[in-house]
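Trainee: Pasting in a structure now, in structure tokens, and then I'll have a few things to ask.
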Amino acid sequence: MLEIKNLHAEVEGNKILRGIDLTVKPGEIHAIMGPNGSGKSTLSYILAGKEDYEITEGSITYNGEDMLELGADERAAAGMFLAFQYPIEIPGVATMTFLKTALNAQRAARGEEELSTPDFMKLVREKAADLKVTPEMLRRPLNVGFSGGEKKRAEILQMALLEPTLCILDETDSGLDIDALRIVSEGVNKLRSPERGMIVITHYQRLLDHIVPDVVHVLSKGKIVKTGGKELALELEANGYADYVGEEA
Amino acid sequence: MAAVQETIDQVKSIDVDQYKYGFVTDIESELAPKGLNEDIIRFISAKKDEPEWMLNWRLDAFQRWKTMEEPEWARVDYPKIDFEDLHYYAAPKTQEGPKSLDEVDPELLETYKKLGIPLSEQEVLAGIAPENRVAVDAVFDSVSVATTFKEELAKAGVIFCPISEAIREHPELVQKYLGSVVPVSDNFYATLNSAVFSDGSFVYIPEGVRCPMELSTYFRINERNTGQFERTLIIAEKGSYVSYLEGCTAPQRDENQLHAAVVELVAHEDAEIKYSTVQNWFPGDSEGKGGIYNFVTKRGDCRGANSKIAWTQVETGSAITWKYPSCILRGDNSVGEFYSIAISNGHQQVDSGTKMIHLGKNTSSRIISKGISAGVSQNTYRGQVSAHRKAKNARNFTQCDSLLIGDKCGAHTVPYIESKNATAVFEHEATTSKISDDQMFYCQARGLDEEAAVALIVNGFVRDVIQQLPMEFAVEAQKLINISLEGSVG
Ligand SMILES: Nc1ncnc2c1ncn2[C@@H]1O[C@H](COP(=O)(O)OP(=O)(O)OP(=O)(O)O)[C@@H](O)[C@H]1O
Ligand SMILES: [Mg+2]
């Protein structure tokens, strides 16, 4: 479904991605690990359609469609979702309002009818309860004054509601306490399905204990330097990145 | 290209020409000859069948006006107005004064229908629960063409009629209150208005009455080269309550049109007046040509103890806005509020704000101002808060937020604070922010297109003020905000 070929990207003349090849098939979960500054978030932003980067080479296709031709909103409507490493505050816009606007925008873009308010409320309450997002939080402006962990849970709530076909999670585990990690992981696992692909960016094995990946990649200096099974993450946890990063240097 | 950059580019190509109220009603008008002199004032007064005292009041105002200079302190810039090149009176020929609805020219009814204001009482009654009914006074150029629900209001003792009618039918009230809040020589435009005002609404709420429905006036400027000088007077007797809405539109014309209104509110002991405005005069085209010059004096007098006056305004139109709805907090414990959303786009210039004049003990005021600038517009908040020597324990809280869309526009905050009483406490908070690329990207990554993203962020920004509007109006206002920013993102 997702095919990234020889992707090179730079920002203000700094080369950040230097030839990424990655294919995600329906039902697969790919974990991406790698040192700070290696380009993980950059990759996720580029996938989601952030415009600050210059793509100098390569391609991204999703379900056969050239993603580089589409704006962020069109990619969202096509089924892509990025759970941000640092979710953005939207003052004055109640979380509930934001969720409804987003869901209906995507439905409209796909030519589906808007969800009625009662149906929508029912759906949100259900999903919010799963993620232990309180009704009080739903009334508050999105991400404003949310704790780090609350922000991450709100991201996953959006994902659960929008039901994307490709989920990209950028360090969703950072800032979560032990219970929240379990709740969020359960939320993510609930979305696991044979039709849905996922890219999970993380620094820690403990997330991958809950969300078990099919493939693990190591990203270093803008390139995938190693790909393996789930045991690769365990090995990295024990030995660090030195072996792989060294190879490249 | 970053989202905000794109927004800027689109703002540059902004077409305010999509102004949806820009149509002209094709109706024959009776016009006073251009220019201003005593004869014109006599002409207006005669047209309205006014008593002698009213004519003298106007002539006195005119004498004073001739000695006054146009103010220049506001942060707005426009070519000098030629006051001799204007018509000071225009009326649809078919109609000299308000009649029963059956007699109103169908062309006029159609105009208001197009504006979304049904004047037929049957239509209003059909769809709406009694408590949500709105009585409407429709002012077309210089005359009121229809006032609805008059009988029903009369049952409650409420007087709601064109001011020209009030001058004839209720002279004792008009004489007592007209000019008592905004004196004849208050300022250049108010004095001009006093000399030539043509129509507007008059509201009187008797003691202890809670007005049974919302009252509203819709102003429409249609005729070319015509000034609109409306005059509104609202009196709330002891313990009464009224909520009043005002809406304004004008056709799209190449030349500028002058609108210089005066609004006076009087709240007696324990009375409350809520005055909401949705101002959507034609703002001018993409080159900044045309549009309304909106020079308005609005003032409320909290005359009695425990009285309250709240101004809420959503300002999206006009080429130039010069407007400071104010409260004189005379009665002890009286409360003044000012909630404002002022949007400027294209070449619009807004200099608006409020004055809270604390005279009585324990008076309090609250100001929430949200300015949004896009295009190459300039948006200034100008506010004055003062406490008189006797204003023991006066309190004010001011919050003044500006949001910029693009980098060709400007936002300015000019607060004047003055306290002659040591126990007064005034707080002022101000912020200026931009819609960030990050916010835009975040919303877009959730499926909102650029326009929807800006609309959502802006609606969040103005939420505190929208919440102050009557329900039905809030929805309208929100739509209007989205429309007026539509050009800013394509
Ligand atoms: N707008 C930008 N301008 C300049 N440099 C940038 C920009 N965005 C990212 N970079 C640089 O690109 C590199 C990759 O950043 P990125 O955020 O993708 O790393 P990461 O792998 O997600 O790191 P972390 O594990 O710390 O989240 C970093 O060196 C960063 O400083
Ligand atoms: Mg990162």
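Trainee: Kindly indicate whether any position in region B:380-400 is more than 25 Å from B:G247 (Cβ to Cβ) and within 14 Å of chain A (Cβ to nearest Cβ).
Mentor: yes
Trainee: Give the residue that is farthest from B:D301 (Cα to Cα), with candidates limited to residues of region B:157-209 that are modelled with pLDDT of 95 or more and among the charged types (D, E, K, R).
Mentor: Here the answer is B:E172.
Trainee: Working only within region B:382-397, note down all residues that are at positive phi and under 23 Å from the mean Cα position of the chain (by Cα).
Mentor: If we filter region B:382-397 for residues that are at positive phi, which is where we start, we get B:393.
Hits for region B:382-397: nothing passes.
Trainee: Starting from residues that are open to solvent by 60 Å² or more (accessible area, probe 1.4 Å) and of a type in the set (S, T, N, Q), keep the ones in region A:81-118 and report whichever is nearest to the other protein chains (Cβ to nearest Cβ).
Mentor: A:T97
Trainee: Condition check: acidic (D, E) and more than 14 Å from chain A (Cβ to nearest Cβ). Does B:D351 satisfy that? I'd like the intermediate steps shown before the answer.
Mentor: On the way: acidic (D, E): yes; more than 14 Å from chain A (Cβ to nearest Cβ): yes.
Judged against the criteria, B:D351 is a match.
Trainee: Given B:L59, B:L36, which one is surrounded by 14 or more Cβ atoms within 10 Å (Cβ to Cβ) and farther than 17 Å from B:F188 by Cβ? Before you say what the answer is, go through the steps one by one.
Mentor: Working: B:L36 fails: farther than 17 Å from B:F188 by Cβ.
Exactly one of B:L59, B:L36 is surrounded by 14 or more Cβ atoms within 10 Å (Cβ to Cβ) and farther than 17 Å from B:F188 by Cβ, namely B:L59.
Trainee: Then there is this: Away from ligand 1 (no atom under 16 Å from the Cβ), within 14 Å of another protein chain (Cβ to nearest Cβ) and touching a helix residue (DSSP H, G or I) at 6+ places or on another chain (Cβ under 9 Å): which single residue out of A:L191, A:L142 fits that description? Let's see the steps before the verdict.
Mentor: Numbers: A:L191 fails: within 14 Å of another protein chain (Cβ to nearest Cβ).
None of the other options fit; the residue is A:L142.
Trainee: Taking interchain pairs and intrachain pairs at least six residues apart, which have beta carbon atoms under 7 angstrom, with the first residue in region B:38-55 and more than 17 Å from B:N193 (Cα to Cα) and the second surrounded by 14 or more Cβ atoms within 10 Å (Cβ to Cβ) and of a type in the set (D, E, K, R)?
Mentor: B:D49/B:R168
Trainee: Could you list all residues from region B:247-265 that are assigned to a strand (DSSP E or B) and at pLDDT 80 or above?
Mentor: Initially, region B:247-265 is screened for residues assigned to a strand (DSSP E or B), giving B:247-249, B:256-259, B:262-265.
Listed by number, the residues that qualify are B:L258, B:H259, B:V262, B:V263, B:E264, B:L265.
Trainee: Tell me, please, whether a residue that is crowded, with 22+ Cβ neighbours inside 10 Å and within 16 Å of ligand 1 (Cβ to nearest atom) can be found in region A:9-18.
Mentor: Of region A:9-18, the ones crowded, with 22+ Cβ neighbours inside 10 Å are A:9, A:17.
If we keep only those that are within 16 Å of ligand 1 (Cβ to nearest atom) as well, we get A:9, A:17.
Within region A:9-18, one or more residues are crowded, with 22+ Cβ neighbours inside 10 Å and within 16 Å of ligand 1 (Cβ to nearest atom).
Trainee: If a residue has to be among the small types (G, A, S) and part of a loop (DSSP other than H, G, I, E, B) to count, how many in region B:154-196 make the cut?
Mentor: Looking only at region B:154-196, we keep the residues that are among the small types (G, A, S), and these are B:154, B:156-157, B:164, B:166, B:179-180, B:185, B:190, B:194-195.
Cutting the leftovers down to part of a loop (DSSP other than H, G, I, E, B) gives us B:156-157, B:179-180, B:185.
The qualifying residues number 5.
Trainee: I need every pair where a residue in region A:3-14 that is closer than 17 Å to A:E65 by Cα has its Cβ under 6 Å from the Cβ of a residue that is within 16 Å of ligand 2 (Cβ to nearest atom), sequence separation at least 6 or different chains.
Mentor: Cβ pairs passing all conditions: A:I4/A:I20; A:L7/A:L17; A:L7/A:I20.
Trainee: More than 16 Å from ligand 1 (Cβ to nearest atom), part of a helix (DSSP H, G or I) and within 23 Å of B:Q444 (Cβ to Cβ) - does that describe any residue in region A:166-185? Working first, answer last.
Mentor: In the first step, residues of region A:166-185 are kept if they are more than 16 Å from ligand 1 (Cβ to nearest atom); the result is A:166-167, A:177-185.
Going one step further and asking which of them are part of a helix (DSSP H, G or I), we end up with A:178-185.
Restricting the remaining residues to those that are within 23 Å of B:Q444 (Cβ to Cβ) gives none.
No, the conditions are met nowhere in region A:166-185.
Trainee: Report the residue count in region A:70-80 for those that are open to solvent by 40 Å² or more (accessible area, probe 1.4 Å) and closer than 11 Å to B:R446 by Cβ. Working first, answer last.
Mentor: Filtering region A:70-80 for residues open to solvent by 40 Å² or more (accessible area, probe 1.4 Å) gives A:74.
When the remaining residues are screened for being closer than 11 Å to B:R446 by Cβ, the result is none.
Summing the residues that are open to solvent by 40 Å² or more (accessible area, probe 1.4 Å) and closer than 11 Å to B:R446 by Cβ in region A:70-80 gives 0.
Trainee: I've got another one for you. Out of the residues in region A:42-69 that are closer than 22 Å to A:P87 by Cα and open to solvent by 30 Å² or more (accessible area, probe 1.4 Å), state the one that is nearest to ligand 1 (Cβ to nearest atom).
Mentor: To start, the set of residues in region A:42-69 that are closer than 22 Å to A:P87 by Cα comprises A:42-53.
Subset that is open to solvent by 30 Å² or more (accessible area, probe 1.4 Å): A:45, A:50-53.
Details: A:Y45: 8, A:K50: 10, A:E51: 11, A:D52: 6, A:Y53: 8 Å.
Ranking the qualifying residues of region A:42-69, first place goes to A:D52.
Trainee: Identify, from the list A:V212, A:V218, A:V245, the residue that is more than 25 Å from B:G447 (Cβ to Cβ), open to solvent by less than 10 Å² (accessible area, probe 1.4 Å) and not charged (D, E, K, R).
Mentor: Numbers: A:V212 fails: open to solvent by less than 10 Å² (accessible area, probe 1.4 Å); A:V245 fails: open to solvent by less than 10 Å² (accessible area, probe 1.4 Å).
After applying the criteria, what remains is A:V218.
Trainee: Hey, another quick one. Restricted to region B:418-455, and to residues that are of a type in the set (G, A, S) and more than 14 Å from chain A (Cβ to nearest Cβ), which residue is most open to solvent (accessible area, probe 1.4 Å)? Show your work before the answer.
Mentor: Taking region B:418-455 first, the residues of a type in the set (G, A, S) are B:419, B:422, B:424, B:430, B:433, B:436, B:445, B:447, B:452-453, B:455.
Then keep just the ones that are more than 14 Å from chain A (Cβ to nearest Cβ); that gives B:419, B:422, B:424, B:430.
Details: B:S419: 65, B:A422: 106, B:A424: 21, B:A430: 60 Å².
Residue satisfying both the conditions and the ranking: B:A422.
Trainee: Whether any residue in region A:27-36 is open to solvent by 30 Å² or more (accessible area, probe 1.4 Å) and within 14 Å of ligand 1 (Cβ to nearest atom) is what I want to check. Lay out the reasoning, then the answer.
Mentor: So the first thing to find is which residues in region A:27-36 are open to solvent by 30 Å² or more (accessible area, probe 1.4 Å), and the list is A:28, A:35-36.
Narrowing further to those that are within 14 Å of ligand 1 (Cβ to nearest atom): A:35-36.
The answer is yes; a qualifying residue exists.
Trainee: With a cut-off of at least 2 residues that are open to solvent by 10 Å² or more (accessible area, probe 1.4 Å), name the strands (runs of 3 or more DSSP E) lying wholly within region B:286-399. Please lay out each step first, then the result.
Mentor: Numbers: elements: B:291-302, B:308-315, B:320-323, B:326-329, B:335-344, B:349-358, B:364-373, B:378-387.
Result: B:291-302, B:335-344, B:349-358, B:364-373, B:378-387.
The values are calculated or read from the model by the stated rules, or taken from the named source; none is laboratory data. What you see is a predicted model, and the numbers here were worked out from it, not measured in a lab. Neighbour counts run over all protein chains shown; Cβ positions are idealised from the backbone, glycine included. Ligands, DNA and RNA are excluded from the accessible area calculation, which covers all protein heavy atoms including side chains. Shrake-Rupley method; radii C 1.70, N 1.55, O 1.52, S 1.80 Å.
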